[in-house]
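Enquirer: There's a structure below that I have some questions on.
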Ligand SMILES: Nc1ncnc2c1ncn2[C@@H]1O[C@H](COP(=O)(O)OP(=O)(O)OP(=O)(O)O)[C@@H](O)[C@H]1O
Ligand SMILES: O=P(O)(O)OC[C@H]1O[C@](O)(CO)[C@@H](O)[C@@H]1O
Ligand SMILES: [Mg+2]
């Protein structure tokens, strides 16, 4: 087994029977003769009794777990966890944590657990917070973080550090890291944030600094590839139930009542899909990945009409990015606006579809409808994480800290097939995780709601052609592994 290719972002090692390790960089790749120390956990009574607590240097985790007897062994990632040797003495570590992008349940838990892991497991007491996202590196003072200060923060939504979009200035950020003597940088954020982290890591490496750059993937939309699911996702799905339930109560209580709920998901409809599957009260789920049309045979109006006649009410869940092409056709002159990070600002599809349905039924006096539109977006994002997300956040944070202490860098800490791993930034940022509508989970949803797929033969061809360009598809299933029942 030998290294086949080695660039700044990823080391590819090939072995027998098609085994491939997409390995993360290590400080020793560019700084020779670094001193190592015994891992302090070796003399920690809580850990030293744990059999095989330390991860074997050769442990790796497969990306695909469903295989055929002749399949190549495929891509693997380095297994996360504590190593016998570390590359920092506890007193020398100066760590910082930054949160970027939109809010997501669990951010405070991750912050808390990084601070606690560094202190309780590795005796590191110099941990700082960066105020307000990437721009805080060069425009704000740092915030001291101690286990006591962060002790209760997991009970609050949001991020105690603040967050922002835009403001990523590579040179100013790395200057600030260097000037402040910071040597471990923990970066919590979504796809944009991880791209920013990769740029910071590359600049640090170019300058030859002994500084770890480690990411923790945060995305309420679940749009980050490779990982099983993102923290906060379960909480978001659970919280979305309240809005769906309210929409259902309203719809059920009116003659021809329709409840419309808009959920997050710019490009990926995972929250809408899982909230629909969890609820059982939803009659129609619309996501960005699945085109739909309003008028004519097999169109949305026909289905709404049919459902109202059958049941007297219905609930529609629509992801914020769904149907954007239809809105764009109608508002050809609408401004193409972006947020500070360059993300396209979407038009409100929930309002739009509500109005379209009202207009359609206004033409039919025999069928008056009552439609209520609920947009719970920011209410869902703002809640603290639930129990299972809290556990997940803890494991992610601890794994991330173990990797940094062991000298790995340029990685995102993530769960792959139920195991904590270190994933090269380039794998995390190369594409977005999206619902594959020719895959099983979407089929399960269609059979649960009994809605039409709205796919015309021409759409189906397009979808099939696009399919292999898209992410995921670990084992041919949509990529939220837990409870997906495959
Ligand atoms: N290609 C890039 N290179 C460097 N920095 C980037 C890049 N893309 C985004 N960033 C920076 O990352 C930060 C977060 O990006 P963004 O606002 O897109 O949110 P995100 O991390 O994708 O999270 P989410 O979309 O889930 O809210 C911003 O400060 C932005 O400037
Ligand atoms: O209004 P903001 O803060 O830009 O965030 C909105 C976006 O953030 C997300 O929640 C992702 O973080 C998207 O689903 C949503 O489009
Ligand atoms: Mg993003």
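We did not get these values from a lab; they are worked out from the coordinates using the rules stated. Computed from a predicted model, the values in this text were never measured in an experiment. Here the Cβ positions follow ideal geometry from the backbone for every residue, glycine too, while neighbour counts run over all protein chains shown.
Enquirer: For region 220-298 and region 27-71, what is the separation of their C-alpha centers, rounded to whole Å?
Expert: 39
Enquirer: State whether region 240-310 is rounded, prolate or oblate according to the following rule on the C-alpha gyration tensor (a ≥ b ≥ c being the square roots of its eigenvalues): a/c under 1.5 gives rounded; otherwise a/b larger than b/c gives prolate, and the remaining case gives oblate.
Expert: oblate
Enquirer: Peptides 262-272, 143-153, 427-437, 40-50: what's the order by average Cβ count within 10 Å, highest mean first?
Expert: Listed from highest to lowest mean packing, they are 262-272, 427-437, 143-153, 40-50.
Enquirer: Then there's this: Just check region 32-122 against the gyration tensor rule for me: Cα atoms, a ≥ b ≥ c as the square roots of the eigenvalues, rounded for a/c under 1.5, and otherwise prolate or oblate depending on whether a/b exceeds b/c.
Expert: Oblate, because a/c is 1.5 or more while a/b does not exceed b/c.
Enquirer: Further question: Which of the peptides 414-421, 226-233 is most tightly packed, and how do the rest follow, judged by the mean count of other Cβ atoms within 10 Å per residue?
Expert: Highest to lowest by the protection proxy: 226-233, 414-421.
Enquirer: By per-residue mean of other Cβ atoms within 10 Å, what is the highest-first order of 170-181, 21-32?
Expert: Packing order, densest peptide first, comes out as 21-32, 170-181.
Enquirer: For region 66-177, rounded, prolate or oblate, judged on the Cα gyration tensor with a ≥ b ≥ c (square roots of eigenvalues), a/c < 1.5 rounded, else prolate if a/b > b/c?
Expert: Verdict is prolate for region 66-177.
Enquirer: Can you tell me the length gained on complete extension of the stretch residue 302 to residue 337, counting 0.36 nm per residue apart and subtracting the Cα distance?
Expert: Additional length available on full extension: 9.3 nm.
Enquirer: Can you tell me the FRET efficiency between residue 382 and residue 325 if r is taken as the Cβ-Cβ distance and R0 is 41 Å, rounded to the nearest 0.05?
Expert: Efficiency at R0 = 41 Å is approximately 0.85.
Enquirer: For residue 35 and residue 170, compute 0.36 nm times the residue count separating them, minus their Cα-Cα distance, and round to one decimal in nm.
Expert: Fully extending the segment from residue 35 to residue 170 adds 45.7 nm.
Enquirer: Say each of residue 48 and residue 151 gets a label point 7 Å from the Cα, pointing the same way as Cα to Cβ; how far apart are those two points in nm?
Expert: Label at residue 48, label at residue 151, 2.8 nm between them.
Enquirer: Could you give the length gained on full extension between residue 210 and residue 458, defined as 0.36 nm per residue of separation minus the Cα-Cα distance, in nm?
Expert: 83.9 nm
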